[in-house]
1. When segment 3-26 is examined, which residues are found to be of a type in the set (D, E, K, R), in a helix (DSSP H, G or I) and open to solvent by 60 Å² or more (accessible area, probe 1.4 Å)?
2. Would segment 27-37 turn up any residue that is buried (at least 18 other Cβ atoms within 10 Å of the Cβ) and over 22 Å from Arg117 (Cβ atoms)?
3. Of all residues in segment 52-76, which are open to solvent by 10 Å² or more (accessible area, probe 1.4 Å) and either touching a Leu at 6+ places or on another chain (Cβ under 6 Å) or in a helix (DSSP H, G or I) (or both)?
4. Scan segment 42-50 and give yes if some residue there is assigned to a loop (DSSP other than H, G, I, E, B) and either buried (at least 19 other Cβ atoms within 10 Å of the Cβ) or of a type outside the set (Gly, Ala, Ser) (or both), otherwise no.
5. Kindly list, by first and then second residue, each pair from a residue in segment 47-68 that is small (Gly, Ala, Ser) to a residue that is surrounded by 18 or more Cβ atoms within 10 Å (Cβ to Cβ) and in a helix (DSSP H, G or I), limited to pairs with Cβ atoms under 7 Å and residues at least 6 apart or on different chains.
6. Against the condition part of a helix (DSSP H, G or I), buried (at least 18 other Cβ atoms within 10 Å of the Cβ) and of a type in the set (Ser, Thr, Tyr), how does Ser79 come out, does it pass?
7. With the condition kept exactly as written, say whether any residue in segment 122-132 is over 13 Å from the mean Cα position of the chain (by Cα) and either within 21 Å of Arg45 (Cβ to Cβ) or at pLDDT 90 or above (or both).
Amino acid sequence: MSDTPDSAVRTYTEQHRTAFLDDLAEWLRIPSVSAQPEHEEDVRRSAAWLSAKLKETGFPVAEVWETAGAPAVFAEWPSDDPDAPTVLVYGHHDVQPAAREDGWDTDPFEPVIRDGRMYGRGAADDKGQVFFHTLGVRAHLATTGRTTPPCTSSSSSRARRSRAPRTSAPWSSSRPPASPPTP
């Protein structure tokens, strides 16, 4: 394998595959079913879990935002460079209801690996996809020796955020409830 940035990232992801899958499995065990009121606290736990992982990745800002529906997660890595590109990742951390009687071979909230693939509710839609972006950021930072992505500053964004209204979309949100709230 050549020593290119792409090959370094691939090598990093291969070397950290087990830890990444362990983290993802931990998140998949949270039954964050927003359509079922009995899982309201699980949806909050899922949002808190993601926010903590984003902070662990290095995001200086990672917050759980309360909404009229389920909580959303917002994270940003601000830049002092007005010409810096904006990268938006949008997804959801809640999942649809699932039970063994729905056709699952195993408990949908107890992830399993078969034939090199992880199976569990949310593994592909959408926890796995959302979490994979954090692996990309981690791999980039680790293989470049950076502590922040290019074009970012190490200064706190608190002052910047207090001067301007928030217009950024959440890193990951939960879908609105199945039925609108009653007035």
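The values are calculated or read from the model by the stated rules, or taken from the named source; none is laboratory data. What you see is a predicted model; the values in this text were computed from it and never measured. Every residue, glycine as well, gets a Cβ built from its backbone with ideal geometry; the counts of neighbours run over all protein chains shown. Only protein heavy atoms, including side chains, enter the accessible area calculation; ligands, DNA and RNA are left aside. Shrake-Rupley method; radii C 1.70, N 1.55, O 1.52, S 1.80 Å.
1. Asp6, Arg10, Glu14, Arg17, Asp22, Glu26
2. Yes: segment 27-37 contains one or more residues that are buried (at least 18 other Cβ atoms within 10 Å of the Cβ) and over 22 Å from Arg117 (Cβ atoms).
3. The answer is Ala52, Lys53, Lys55, Glu56, Thr57, Ala75.
4. No, because not a single residue in segment 42-50 is assigned to a loop (DSSP other than H, G, I, E, B) and either buried (at least 19 other Cβ atoms within 10 Å of the Cβ) or of a type outside the set (Gly, Ala, Ser) (or both).
5. Ala62/Ser51; Ala62/Leu54
6. no
7. no
Every residue, every condition in (1) assigned to a helix (DSSP H, G or I); (2) of a type outside the set (Val, Ile, Thr); (3) crowded, with 17+ Cβ neighbours inside 10 Å; (4) in contact (Cβ under 8 Å) with a residue 40 or more places away in the chain, yes or no:
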| residue | (1), (2), (3), (4) |
| --- | --- |
| Val87 | no, no, no, no |
| Thr106 | no, no, no, no |
| Glu110 | no, yes, no, yes |
| Arg121 | no, yes, yes, yes |
| Gly128 | yes, yes, yes, yes |
